[in-house]
Structure formats: C-alpha cells, structure tokens
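Bear in mind these aren't lab numbers, they're just calculated from the coordinates by the rules spelled out. Only a predicted model underlies this, so the values are computations on that prediction, with no experimental measurement involved. Cβ coordinates were reconstructed from backbone atoms using ideal geometry, including for glycine residues, and neighbour counts include every protein chain displayed.
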Amino acid sequence: AERAAAAALPLSPWYNSITCRLLSYLSATAPRGRAGCCRRERCAERVSWVQTLCGPHRSTPRLTVIKKMRRSTAAARTVLCGTVIRCARALSAAPMDTIQRCMLRRAEQRGGPVPLVTRKVQESIERRRSNGARTAAVLVPIASVNDEPHVVFSVRSDKVSTHKSQVSFPGGHIELNETAEQAALREAREEFGPDFESGFSVVAECREVLAVTGTVVTPVVACRSRPLDLGRDVVYEEDEVAEVFSLPVAHLLDPVNREERMYENRGRLPVFHGGPAEIWGLTAYVLDGVLEKLVRPCVGGLEASEAPRGSG
C-alpha cells in the first residue's frame, strides 16, 4: 500500500524509486503494534513522513538526492527505527539458551512446520514432491560466537558440481529411510566436522522450498547453547567448502545489510551483505524467512525479559 501511494505521486520515476526505498526501509524497521495506532494509520504516517522528507528535493539532480537519501536514511533510523537498536541490544544481552527457548516456544505455538512460502506455492511444491522430485535438507545453524548469537554459513568450493563459490548452509539430499532433520545434521557433520554438531538442538523444521535445480528442500533450524569456536570446532573438507564464516543475528536483522534484487523469472528476492561473499538465492530466501518467522518475533519477548523489574 505504501509503495502504491508513492508510485501514485506525479513525480519522476527515479524520485518515486527513492521514495519507495525509504518506505520499504521504514516498513521493515519501524516499531509495530503501537497502542492506539492501527496498520492503516501507521501506513499513512510513514507515507506522509517520507513525502515531507523527500518533497523539497523533487527537482534536485539525481546524484544529489541519492546522497541526501543516505543522510535521510540515517535520520530515519534515529527518528523512527529504534527497533533495529533494540534488536541488537536484546540479542546481544540475552544468553543463547534464552534465545533458543524463545525460538522453540515460537515454533511450538505454530503447531507445525514454519511456512516460508505462500499456500499456493506450497501446494505446487508438495505436488512436485509427490511426483518423485529429489528431496534435500539444509541446516540453519545459530550459535553463540564471541558471546553473541551468529548464523553460520559456508562458501562452497569452486570444485563442486553446482552452486560454485556461493554462500550456503550445510545440507544435501535426504537418503532412504532418513528424516529431514537427520539428513541436515548428517550433512553438517560431513561438511563441518564431527565436533560441529555437538551441542546443537533442533528448534524448528520449516516447510519445503524449491531450489532452482528442482530439488525440494526442507530447512531445519538448530541452536547451540554453548559457545562455538569456528577455528576449533569446524574442520571442513576443502574439496566441498572453501570457507566457513558467521554473521551476528543483529547484523542480519538490520535492513541496512539487506536489499531486494530483481531476478529474471524469479521476481524480487532478498540479498544480505557483510560476509566474504553476498548471501543470495535459496540461502538468502531461507535465511530471510527464518529471521522473520522465528527470530524477529522473539525480540519483543527478549526485551521484556531483559527489562528491569519494578519495585511494585
């Protein structure tokens, strides 16, 4: 609705694009559920704010406006987007086992696998699986690194047959008489070494997503309560993995480190920055869904648990 409102403005396309980018930024980061303020009011408030912010620059040359856009985005974070800062503080302050319990409770409240796609797409994936499509599982590992929750990734070797030099989660095809959870943990052992899996507990299984190769993939989310030392606990096979790295969850939740990019025949998909390589494709899609459906909803609960109790 906000993007449609911006597009309706009688302005040049590049100005509308900048306005939409600001609106998308605010939609992703502005505090939600404010008392006495419904969704429609919040939408109108953000549209009005962005129009006021960008209005004086509608006749300014494009490069100048882009520079102003960067400063305006910083101002937007200060004025309207305290959620990002609260996310970082809550996640950094909370012990990993607290985050794990919160995510587990969130998954249990859903009463089944966490959906990452629309119902229509899910039905199409299920039909494909019923018709004999290959199935695979990936592990989304969340662990305490340097006393802060991180998501662990690998950069695939250029020697593998598919997805060369791309960022990925550990995973592979599901073998006969094997569950998705078992396959994800087995692949993590094979790719990252036997010590990596130790201490991980599965907190949620997600509904299947479809890889570009046609494989039906089940993401499995697991947390490790005790600290993870990537240099000590990870021993990877260099023929399959070129590098293993991690990024803080707070970093991944910050919209500054995320963009949406248009792909031919695939629409707009998320891309994350900050690691040795871009996180895009199926890995970024799964990561984005896990952050939105499991991690971000937990932040409010973490904030409440970290807040000082009143003396009554």
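Compute the orientation-averaged projected area for segment 93-306 from the convex hull of its Cα atoms and round it to one decimal in nm².
11.9
Which of T98, T118 has the fewest other C-beta atoms within 10 Å, and how do the rest follow up to the most?
Ascending Cβ contact count within 10 Å gives the list T118, T98.
What number comes out for the charge environment of V167, summing +1 per Lys or Arg and -1 per Asp or Glu over other residues with Cβ under 10 Å away?
-1
Would you mind checking segment 210-226 for residues with the amide N under 20 Å from a putative spin-label position 7 Å along Cα→C-beta of E108?
220-226
What are the aspartates and glutamates whose alpha-carbon lies under 14 Å from the alpha-carbon of K164, with same-chain residues fewer than 8 places away excluded?
Once the sequence-local aspartates and glutamates are set aside, what remains near K164 is E238, D239, E240, E243, E278.
Label segment 239-283 by shape, choosing from rounded, prolate and oblate, from the square roots a ≥ b ≥ c of the eigenvalues of the Cα gyration tensor; if a/c is under 1.5 it is rounded, and otherwise prolate applies when a/b is larger than b/c, oblate when it is not.
Oblate.
Using a basic spin-label model with each label point 7 Å from the Cα along Cα→Cβ, how many nm lie between D239 and K164?
For D239 paired with K164, the spin-label model returns 1.7 nm.
Given the alpha-carbon gyration tensor of segment 156-264, what are the semi-axes of its equivalent ellipsoid in whole angstrom, ordered largest first, with each equal to the square root of 5 times an eigenvalue?
Rounded to whole Å, the semi-axes are 21, 20, 17.
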